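See structure below.
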Amino acid sequence: MTRPIETPTRAHQLPHDIYPVDPWAIVEHGFHPDSLPLLETVMALSNGWLGVRGGFHTGRPAHEPGVLVNGFYEKWPIQYAEAAFGFATNGQTIVYVPDPTVVRLLIDGEPVDFGHAEINHWWRRLNMRRGLLSHQYRLTSSGGAEVAIRTTRMVSVARPDLIACRLSVVADQDVDLQIDSYLMNRQDTDYLHPEMREFDPRRSRNFGRRVLNQTHLDIDTDDLRITVGYETTLSELALGVTTIHEIATDHECMVEPVPDEDRPHIRIHTAMDSGKRLLLDKITCYRTGDLVVDRSRESAQGARGLGFVGLAGAHSQAWHRYWAIADVEIDADPETQQALRWVLFQLNQASAQLQSQGIPAKGLTGQAYEGHMFWDTETFVLPFLAYTRPAAAATVIRHRYSMLDDARIRAAELSEKGALYPWRTIDGTEASAYYAGGTAQYHINAAIAYAIRNYVEITGDDELLWEVGAEMLAETARMWQTLGFHRDGALHIYGVTGPDEYTAVVDDNAYTNLMAAMNLRTAADALERMERERPQRYQDLAERIGLDPTEPVEWRRSAEEMYVPHDEGLGITPQDASFLAKEQWPFDETNPDQYPLLLHFHPLVIYRFQVLKQADVVMAMYLLPDEFDDETRRANFDYYDPLTTGDSSLSACVQSIVAAQIGEMDLAMRYFQEALWTDLGDLHHNTTDGVHMASAGGVWMAIVHGFAGLNDNGGRLRFDPRLPREWDGLRFMLRFRDHLLNIDLNHDRIRLSYEGPAIEIGVRGTPVKVGEEPVEVALG
């Protein structure tokens, strides 16, 4: 029995007659309402703090348009029919904030309506090089006027708080034009289609009540400004938003305020002469925290001084700096390059302007997963950031540090010492109502420890280790020390769930045990090093957290004694103590439309079988390559790969990496294509809910760690390239120890250069000294 693998084909890609191949853009030709839900995600714009989905300026037709601010959420009491001690008590959901992108037009009294107007010359273009979304079309009014309309939108990656839009209108005969420019509260207005209410636990909740309560409304027609203030009902978070307008036209305009509570807008009316253009620029700034109304107004007024052109210029320059380091070039088919650029575009959109937040599972491209952070960020996204934008990686780690006190409280609730981080959260408290698939995933602690270890090894940023990392490592190690227990000379961990959520609350999950050992060992190394190199800071930390000098010694002993199961008969690492005793899932009796299994089978049914939602032991082999010999690595992959459904978007990239490492290049390429087209090809049928951000990071990992063969364990760089036969070459850069490493490889050789003091890099087991002058090594 084996699962059916759906290999992405041309049918999964964007049809070329509508979406032509362009290495730096996603372009839509013609109005295609069926694609609207998908493209609201595909053409979303964000910067890590602020995001807007890719809806039309008219506001309709729409699927689920909206604007999101990272960390701005509403909480709600979790209702249990049968509660128990320690269950999570409050859910958290990111909420839509007022949307400034809605600008509705009436031409000679008739509203612009894409569903009924005569529209031609339609195109929308997501410019990935410059981070701009443009939309252009022409319509013919009932009076015979042909009107050319163009909009351009950006979410600035040069500053965190700003959305800017430009509208251009020109007609070939005299027309009467009315513009209604909104600041629309979508959160408290139901725009969702009925199908959005179908069962899917991955989607966000509908509150059934008001969330944003207006505290301020001010419309100044002289200044062409709307300023609003809101406060969320239960989380009591404050938000201020100011949108300002600039009109460029030869015609006299009449301006009227419309102070609607949820749809405040400015109405502009003018009589346009034939051939004359009207430009409307709209700049909107958001503020959370204190004095939000005044601060949003001041920010918008400052942005007005730069104007749309100045703001767009700074934004484009920021994108240029990103691409200069983060771009990956593949000598392959143009569709692959286009899709890869879109993936890399998403990673910057999720992180460019992180302030003190983490990265939600969907970034800021949709409300799915309630806007929560999971282990995804540390495991799949942070490796990319550490090698390309280390400041953003440091922000993610510091954000986790800000949750440490809540994690200590959570550990105590579960009768453990140290700290236990929440499985899913916005504010630092556990928001998972299903403990078997949530709180039981204790490996979140190890993911954070892994991220700290890798970040420090890659960047050499010891200051972050001393400032926040060592304390986090110590407290997460303490949790493992009390969670595990010694028996027969080994440390066992019972009652946990590993990455595979189709197998829950088990004993001695191999992934969890291996990662816990890494966490314990890393904490001991960090504290012992801190005592040697920063004795005063070590003493301060020891006093602050009550550290006993014997604790690091105990952590190291526990790491060495950690039980890792092994089945001699199969030659594999059992996923957990009972996994191999189960029957294998009847894949041959499962219809294709019954995937993902979680939407069609009760969890207890799934738990009884050998079936994986995502890579588990295989994930451990990727993260901890030195823990497995070649024979076991091959046996594990051969056993678990056919049992892995791929129902999780986190799986294909890891399977691609390990397949490449063991020389299964055809399979590695199939999994890579699956990861690459996860969203653009809508392979999980839920791209409309937002970008799978961890999968995006995983695509980069599959290229760098899989095909380029990078092993960075221990902070030493080693390459064992395995380029797919479909590719002729691969080029990318890594920022290592604050200097750029250039990698250029093909099937015959790898060329390396390092813009810093020469370092030693391994190439297929041979040490090579690499400096500023390129070094070429044959791969024959």
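Checked against (1) hydroxyl-bearing (Ser, Thr, Tyr); (2) at pLDDT 95 or above; (3) in a loop (DSSP other than H, G, I, E, B), TYR19 passes all but a single condition, namely (2). Residues considered: GLY59, GLY109, GLY131, GLY66. Of these, the only one that is touching a residue at least 60 places away in the same chain (Cβ under 8 Å) and more than 21 Å from HIS265 (Cα to Cα) is GLY131.
The sole residue among THR439, THR429, THR512 that is of a type in the set (Ser, Thr, Tyr) and either in contact with a Lys or Arg (Cβ under 7 Å, 6 or more places away or on another chain) or open to solvent by less than 10 Å² (accessible area, probe 1.4 Å) (or both) is THR512. Just to be sure I understand the filter: pairs with C-beta atoms under 9 Å, separated by 6 or more residues or on different chains, first member in region 246-263 and part of a strand (DSSP E or B), second member exposed (fewer than 12 other Cβ atoms within 10 Å of the Cβ). Which pairs pass? Sorted first by the residue in region 246-263, then by its partner, the pairs are VAL255/ASP222.
Residues in region 110-160 that are modelled with pLDDT under 90 and touching a Ser or Thr at 6+ places or on another chain (Cβ under 6 Å): GLU118 only.
Restricting region 538-565 to residues that are within 35 Å of the chain's Cα centre (by Cα) and in a loop (DSSP other than H, G, I, E, B), the residue that is farthest from LYS417 (Cα to Cα) is PRO565. Scan region 67-76 and give yes if some residue there is surrounded by fewer than 23 Cβ atoms within 10 Å (Cβ to Cβ), of a type outside the set (A, V, I, L, M, F, W, C) and closer than 18 Å to GLY366 by Cβ, otherwise no. Yes, that holds for at least one residue.
Being over 20 Å from GLN301 (Cα atoms), open to solvent by 30 Å² or more (accessible area, probe 1.4 Å), at pLDDT below 95 and not polar (S, T, N, Q), is that true of even one residue in region 209-227? There is at least one residue in region 209-227 that is over 20 Å from GLN301 (Cα atoms), open to solvent by 30 Å² or more (accessible area, probe 1.4 Å), at pLDDT below 95 and not polar (S, T, N, Q).
The C-beta contact set for region 749-762 (first residue among the aromatic types (Phe, Trp, Tyr), second residue outside any loop (DSSP other than H, G, I, E, B) and open to solvent by less than 40 Å² (accessible area, probe 1.4 Å), distance under 6 angstrom, 6+ apart or interchain) comprises TYR754/LEU741; TYR754/VAL770.
In summary, THR151 fulfils each of the numbered conditions (1) within 21 Å of MET272 (Cα to Cα); (2) within 28 Å of the chain's Cα centre (by Cα); (3) open to solvent by less than 20 Å² (accessible area, probe 1.4 Å); (4) of a type in the set (Val, Ile, Thr) with the single exception of condition (3). Yes or no: LEU234 surrounded by fewer than 18 Cβ atoms within 10 Å (Cβ to Cβ) and modelled with pLDDT of 95 or more? It is true that LEU234 is surrounded by fewer than 18 Cβ atoms within 10 Å (Cβ to Cβ) and modelled with pLDDT of 95 or more. For the criterion of being closer than 30 Å to ARG725 by Cβ and either open to solvent by 20 Å² or more (accessible area, probe 1.4 Å) or in contact with a helix residue (DSSP H, G or I) (Cβ under 8 Å, 6 or more places away or on another chain) (or both), ALA303 fails. The C-beta contact set for region 543-563 (first residue open to solvent by 70 Å² or more (accessible area, probe 1.4 Å), second residue among the hydroxyl-bearing types (Ser, Thr, Tyr) and modelled with pLDDT of 95 or more, distance under 7 angstrom, 6+ apart or interchain) is empty. Is it the case that some residue within region 469-481 is of a type outside the set (D, E, K, R) and open to solvent by 10 Å² or more (accessible area, probe 1.4 Å)? Checked against the condition, which is being of a type outside the set (D, E, K, R) and open to solvent by 10 Å² or more (accessible area, probe 1.4 Å), region 469-481 yields at least one hit. Taking each residue of region 705-727 that is closer than 18 Å to CYS653 by Cα and assigned to a strand (DSSP E or B) and looking for partners that are open to solvent by less than 30 Å² (accessible area, probe 1.4 Å) and not aromatic (Phe, Trp, Tyr) with beta-carbon atoms closer than 7 Å, six or more apart or interchain, yields LEU710/VAL704; LEU710/LEU717; ASN711/PRO625. Taken over region 537-556, the criterion of being under 23 Å from GLU463 (Cβ atoms) and out of contact with any helix residue (DSSP H, G or I) (no Cβ under 9 Å at 6 or more places or on another chain) is satisfied by ASP540, GLU543. Could you count how many residues in region 22-46 are under 22 Å from the mean Cα position of the chain (by Cα), in a strand (DSSP E or B) and either among the β-branched types (Val, Ile, Thr) or over 19 Å from TRP319 (Cα atoms) (or both)? Result for region 22-46: 1. Annotation: ALA318 fulfils all but one of (1) among the hydrophobic types (A, V, I, L, M, F, W, C); (2) closer than 25 Å to SER134 by Cβ; (3) buried (at least 21 other Cβ atoms within 10 Å of the Cβ); (4) in contact with a Gly (Cβ under 9 Å, 6 or more places away or on another chain); the unmet one is (3). Looking only at residues of region 239-256 that are over 16 Å from VAL67 (Cα atoms) and of a type in the set (A, V, I, L, M), we find that the one that is least open to solvent (accessible area, probe 1.4 Å) is ILE244.
Give all pairs with beta carbons closer than 9 Å in which a residue from region 296-312 that is without any contact (Cβ under 8 Å) to a residue 40 or more places away in the chain meets a residue that is assigned to a helix (DSSP H, G or I); count only pairs at least 6 apart in sequence or on separate chains. Sorted first by the residue in region 296-312, then by its partner, the pairs are LEU306/GLY313; LEU306/ALA314; GLY310/ALA303. For region 47-64, which residues satisfy the criterion of being within 13 Å of GLY690 (Cβ to Cβ) and more than 18 Å from the chain's Cα centre (by Cα)? Answer for region 47-64, where residues must be within 13 Å of GLY690 (Cβ to Cβ) and more than 18 Å from the chain's Cα centre (by Cα): HIS63, GLU64. Can you tell me which residues in region 489-503 are surrounded by 23 or more Cβ atoms within 10 Å (Cβ to Cβ) and small (Gly, Ala, Ser)? Selection gives GLY498 alone. Residues that are open to solvent by less than 50 Å² (accessible area, probe 1.4 Å), closer than 17 Å to GLY706 by Cβ and not polar (S, T, N, Q) within region 723-761 comprise LEU723, PRO724, TRP727, GLY729, LEU730, PHE732, LEU734, ILE743, LEU745, ILE750, listed in sequence order.
The values are calculated or read from the model by the stated rules, or taken from the named source; none is laboratory data. What you see is a predicted model; the values in this text were computed from it and never measured. Reconstructed Cβ throughout: ideal geometry from the backbone, glycine too, with neighbour counts over all protein chains shown. SASA here: full protein model, heavy atoms, side chains in, ligands and nucleic acids out. Shrake-Rupley method; radii C 1.70, N 1.55, O 1.52, S 1.80 Å.
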